[in-house]
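What follows draws every value from the coordinates through simple rules; no lab data is involved. None of these values were measured; they are calculated from a predicted model. Cβ placement follows ideal geometry from the backbone for every residue including glycine, while neighbour counts extend to all protein chains displayed.
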Amino acid sequence: MKQQPSVVIIGAGLGGLFTGAILAKEGFHVTVLEKNANIGGGLQTFTRFGERFDTGMHVIGGMQPGANIWKICRYLGILDKVQLMDVDESCSDRLYFAQDKQYYNIARGRQGFVDSLSAYFPQESENLKNYVDAIFTMTSHVDVFNLRPSQGYLSLFSQDPDFLMAANEYIAKFIQDERLRSVLSYMNPLYGGREGCTPAYIHAIISVLYINGTSRFVDGSSHFADLLADVITSRGGSVIVGDGVSWIEVNDHHVDYVRTRSGKQFTADYYISSIHPCTMLRLMDEKALPKSYRNRLDSIPNAFSAFSLYIKLKPGTFPYINHSEYYMGRYEDIWKFDNPDKPWPLGFLFMTPPDANQGEYASRVLLTAPMSFDKVRQWEDTTVGHRGDDYERWKEERSQELLHAIEEMHPGFSNCVDRMLASSPLTIRDFYGVKGGSISGFSKDCNQMALSQVPVATKVKNLFLTGQNVNLHGFCGVPLTAILTSEALLEPNYVINKINSCQED
Ligand SMILES: Cc1cc2nc3c(=O)[nH]c(=O)nc-3n(C[C@H](O)[C@H](O)[C@H](O)COP(=O)(O)OP(=O)(O)OC[C@H]3O[C@@H](n4cnc5c(N)ncnc54)[C@H](O)[C@@H]3O)c2cc1C
């Protein structure tokens, strides 16, 4: 009888858990090793002031019935246990530009999106339609996004001639009005968009996901991590927390074992790293991977980081808002979030996460404001809880700046705040083990795609990569890479065919 193949996965974030769940379902014996006390990475929640707060999964795409991540959850048998709330159809996102105090309410769906923005820019109505048609066409060419079998492993590419155009130039190809170009770029902060660098396909995929409809986890995102872990453990695998990997032993292009901080050794047929690739490099001998590969990984820029506020509201004082709000200072700064010399904050995401049995009033607010790591560089050698009074003062000042900006959108908001907690790029760096505290990992550059494209396979024969730094980040991107990584251990299109075959009933 053929022995069950085994795999050790480093990191129990979205990438490690999705990849582990798929491989466990396909017969692998899976062991996931996590450094933090809780699983989930970006799916983790924490409780403070008696409220549960999400850390890195506020708005999610791909979970509309029949959409790609919805189908993957169905294949894994967890779909009916995921607790989600869809945002409002008539206004799924609301933007506010402080420069001219203008609000833009954006409706869900292709037609809704075009109609709602045409109301503000009637002269651009036809251009908007052409733009939306074009991003849907571009996205339709991406095999893995559409869970379509493809040739080979790297199926995120397409033949669309504009695929690798800079996203801001791509938008400008269709849209004349400078303000509308900025409005259409409002999701930039969510994917670390950089002017002249971020490829059009990233913009197209994220925009299409949002236009098709977004959802929020009810009562926090950590239950989703638990569901994925259950798929692994119910098939005999294990998810071990509080014992991060401190060494990967590589000999002759082959991983022999990994060792954890507590000194335990784990061996398997295959090893998958779901942590930041540069963090992984520090866990192995310099000679384990070619110098050119190491240099390449080290030289890929990371997307910017963020400063977050977690706010507990006084009961019955602030309404629950069933859409995300995006504050933006100036139109011209929409592609400038990576510029440390710009005044801060340039903009932020503001949302009220839903509770079970959500009523009229919100219990808490989450705010994510993109921030360059340079803003906290003076404390980069400090650790959690030991960063000093000047750091605490700096955080308090930034928090007050954000509160001040919220007042523009919601006058009187400060009176609704009961307690509040802030986190900075340093928190993200140390909590997830991510270089530069990046919120979405490696940044893609259309001028140097060879540099930013990281394959799932490595020169170490039994070592593979998964997670947000390979292909796309976020709730939709990471599970798609999990498929590609799993197929590298199985065979091309194996998982995609399985996912599709179980949707037929
Ligand atoms: C503030 C913030 C807001 C975000 N908002 C959204 C959003 O609204 N929607 C969305 O789709 N995406 C959002 N994202 C992005 C999303 O969270 C990530 O793309 C996704 O969680 C990445 O998953 P991952 O598994 O690749 O990495 P992670 O979730 O970072 O998981 C990596 C795991 O590896 C662990 N680890 C690290 N080193 C070791 C080690 N040596 N040994 C063992 N374990 C280790 C970490 O502790 C972590 O649990 C946000 C991110 C941030 C930071």
key: Residues of the stretch 220-262 with amide N under 12 Å of the 7 Å Cα→Cβ point at Lys287   = 250-253
query = Roughly how many nanometres apart are two label points built 7 Å out from the Cα toward the Cβ at Asn415 and Tyr320?
reply = 2.4
inquiry  = Using a 10 Å cut-off around each Cβ, can you sort His141, His473 from fewest to most neighbouring Cβ atoms?
reply    = His141, His473
message = Name the residue from Gly42, Thr139, Thr233 whose Cα lies farthest towards the positive end of the charge dipole of the chain, charges +1 on Cβ of Lys and Arg and -1 on Cβ of Asp and Glu.
response = Thr233
Alpha carbon convex hull of the stretch 214-285, volume per residue in cubic angstrom = 142
note = Projected convex hull area of the stretch 187-328, Cα atoms, direction-averaged, in nm², equals 13.8
task = Rank the residues Asp243, Asp430 as a footprinting-exposure proxy: fewest other Cβ atoms within 10 Å of their Cβ go first.
result = Asp430, Asp243
request  = Give the Cα extents of the stretch 108-212 along the principal axes, in whole Å, largest first.
outcome  = 44, 27, 24
request  = Determine ³J(HN,Hα), in whole Hz, for all residues of the stretch 226-234 in sequence, where each value follows from phi through the Karplus function 6.51 cos²θ - 1.76 cosθ + 1.60 and θ = phi - 60°; x replaces Gly and Pro.
outcome  = 4, 4, 5, 5, 4, 4, 6, 6, 5
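To the nearest 0.05, how large is the calculated FRET efficiency for Arg74 and Asp390 if R₀ is 56 Å and r is the Cβ-Cβ distance?
The formula returns an efficiency of 0.65 here.
Using r as the Cβ-Cβ distance of Ala119 and Glu360, and R0 as 41 Å, what FRET efficiency do you calculate, to the nearest 0.05? Display every interim value, and only then the final one.
Working: r = 28 Å, r/R0 = 0.67.
FRET efficiency, Ala119 to Glu360: 0.90.
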Length released on extending from Leu451 to Asn130, taking residue separation times 0.36 nm less the Cα-Cα span = 112.4 nm
message = Could you check the spin-label model distance between Asn38 and Asp256? Points 7 Å from the Cα along Cα→Cβ, value in nm.
response = 3.8
inquiry  = Can you list residues from other chains, or at least 5 along the same chain, whose modelled amide H is less than 5 Å from the amide H of Asn302?
reply    = Ser443
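Relative contact order for the stretch 1-87: what percent, with Cα pairs under 8 Å and sequence separation of 6 or more? Before the final figure, lay out the partial values.
On the way: 90 pairs, mean separation 18.3, N = 87.
Normalised by residue count, the contact order of the stretch 1-87 is 21 percent.
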note = Between Lys101 and Gln503, the FRET efficiency computed from the C-beta separation at R0 = 51 Å comes out, to the nearest 0.05, as 0.65
task = When a/c is below 1.5 the answer is rounded, else prolate if a/b is larger than b/c, else oblate, so apply that to the stretch 304-439 with a ≥ b ≥ c taken from the square roots of the Cα gyration tensor eigenvalues.
result = prolate
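Based solely on its DSSP helices, what 222 nm [θ] is calculated for the chain when runs of n ≥ 4 H residues each add -39,500 (n - 2.57) and the sum is averaged over all residues, nearest 500 deg cm²/dmol?
When only DSSP H runs of four or more count, the value is -9500 deg cm²/dmol.
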inquiry  = Counting each pair of different Cα atoms once, what's the Kirkwood radius of the chain in Å, rounded to one decimal?
reply    = 23.2
task = Can you give me the three principal axis dimensions of the stretch 409-505 from its C-alpha atoms, in Å, biggest first?
result = 57, 41, 27
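Can you tell me the relative contact order of the stretch 336-455? Whole percent, Cα pairs under 8 Å, sequence separation 6 or more.
The value is 18 percent.
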